Each structure stands twice: as C-alpha cells, then as structure tokens.
C-alpha cells in the first residue's frame, strides 16, 4: 500500500494548469496538463483528439498537444512551526526528504524558504545546492534551532514570498510547500490575491503534508488550502506519520517506500502536456471549464487521476506585457 496519499481535489480526469494566455475574441491559450496513471506515472503518447474540453456549454478546440519532460523551476517552502517540530523523529524525516528533493537533478530548486510565523530564512538557488542543504542542517535541533517567536504558521505569507522568489514567474514554475496542516495562524497575504497571481502566471502549488495517520483530509486542512492547490493546477500528497498523541508512527520499511514515492512525485512535476486551445468566447470573469482525456488502450477513467483547475481567469487579470509574453 502506498505511504504517500495523493489527494484528488477536483472532478476532471486531468491534472491541469490553465494559465491565462489571452488574446482577442476568441481567446487562444496555452495550458499545461498532466495525465497520471494508476501508479502516479505520466501517461504519454496522447494527441489533441484525446483531450475533450468545454467552456460554458460549448466545445473548446484543442489545436495541439505536446508532451514535455524537462526540469522545472521550483521554490521549496519549509514549515518549522511548533507542530512540525514537536516530534524529533518526524522532523528528522522531514529534513531528510527535503534534502533529497533539493539534491535531485530532476527539477531546479530556485530557492529554499524557511518559515514559521514569518519567513526567517531564504537561500537562493544561485548560492548552490550545498548552501540550501547547509541551511537545512542548521535546523536539525528543531524548535531549539529556529528563532524565537516562530512557533505559529503563516502559510499564505510563505506562498506569496515563494511566488515572488521566482523573480519573473513563467508557465510550468512550481512552489512545493512542506507542512503538516493547512491552518494559517499568522498570514497577512490573502488567498484570493495569491490565487489570481499564481493562476495568471502559470505557477502551480504542490503540497507535501505530514498528518495524523487516521485523519481525514477535511479534518486536517483549512478551506483555503485545497482551494490554492486546485486553482493553480497543483497536487497535494499526505504522509500519515502521526498517531493520536502526536507520536511518530511510520516504520523503517514505510520510510524507504515513502522516499521512493516522494521522489516519483517530485519527478512528476516536470512531466506535462502543453495544449494550445481556442476558446469559443471571451472569458469576462473567472468561470468554470471542463477538461477530460480519452486514454487509448486498457486504462479506464477510474484508472487515472481526476484533477483540473476549476476556473479560467479573464484577460484583464494579465498586464499587457505579461499577455504578450504568454501568447503562442
């Protein structure tokens, strides 16, 4: 059984990021789409006719679909609040996983942010992987290693800071948030503003969340949390590592499996289709749209992940310079 639980946050058959590349009526946009099989692997070999899209009851024309497997720019945001560091065993596991991801060549870690009540450390990718790993090593002591007053959780502020750390965000960039819950106790940044900025730029939010082994998603995550993952076309994975009394429960065998699954999830961030779609009408305000895939062969709809971004943003969300950069 998988240790890492992929949480499905939408109802379409595709993990989709639809950033707002907008032109004149009808709008033409590029969209990143990830189609995942039963084991979380990318489903390759799909063509434009394999994608069915709909907007306001009308068919969306898919003009092209090209599969890409290249390293993506990722900002890693690590939560060091009180609940994350309360168990020494869990915290050491978190640090080991974060080290492995930063050391991996599969994606390019643009920056490492360390936060609690606020972001108190930022290491740029230009300083090198060893500088980021050194920052993680300095946190081995857990709550004793972090500055005083950093016991609360400011998730929105950390995501907002990570977005700005991309310094010219572009389609396919990502933020990986490592935390243990979605409750935000200290942020000033608003969910809606973050949502609009990330969706318009084409930046996805991925979350690795360490939770109680017997907890359900709805009991652990605050309402804003899945909303940001869903609206940016990202994904959320849960790692069940805590028991009822916050004690560490994952065994050595499961740790080894977990590392393999996290590595596969990290690699999956880079494997996407780029679709060029033409909308039948202008998007005048954030509106829902539908996208699904027809998979040739033995895969049925229930055999691949059902996730997609809920809404298309209107053209007005992009400044003219950004709109020009995002045109086909």
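We did not get these values from a lab; they are worked out from the coordinates using the rules stated. If you're wondering where the values come from, they're calculated on a predicted model, not measured in any experiment. Quick reminder, even Gly has a Cβ in these numbers, built from the backbone with ideal geometry, and neighbours come from all protein chains shown.
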Discussion item. Which of the three applies to the range 73-268, rounded, prolate or oblate, going by the alpha-carbon gyration tensor with a ≥ b ≥ c and a/c under 1.5 meaning rounded?
Written reply: rounded
Item to complete: Output the antiparallel fraction of DSSP beta bridges having both residues in the range 73-268, as a percent to the nearest 5.
Response: 20 percent
Worksheet item: Taking the highest mean first, how do the peptides 229-241, 161-173, 40-52 order by number of other beta carbon atoms within 10 angstrom per residue?
Response: 229-241, 161-173, 40-52
Worksheet item: By how many nm would the segment from residue 56 to residue 294 grow when fully extended, if each residue of separation counts as 0.36 nm and the alpha-carbon distance is taken off?
Response: 83.6 nm
Discussion item. If I model a spin label as a point 7 Å beyond the Cα along the Cα-Cβ vector, how far apart are those points for residue 5 and residue 264 in nm?
Written reply: 1.8 nm
Practice prompt. Give me the distance in nm between label points sitting 7 Å out from Cα along the Cα-to-Cβ direction at residue 69 and residue 190, one decimal.
Written response: 4.3 nm
Worksheet item: Got the relative contact order for the range 73-268 handy, in percent, Cα pairs under 8 Å and 6 or more residues apart?
Response: 22 percent
Worksheet item: Ranked by Cβ crowding within 10 angstrom, fewest neighbours first, how are 64, 197, 187 ordered?
Response: 64, 197, 187
Item to complete: Please give the peptides 258-270, 79-91 ranked by average Cβ packing (other Cβ atoms within 10 Å per residue), highest first, as a rough proxy for protection.
Response: 79-91, 258-270
Worksheet item: What length, rounded to one decimal in nm, is gained on full extension from residue 140 through to residue 257, with 0.36 nm per residue of separation minus their alpha-carbon distance?
Response: 39.8 nm
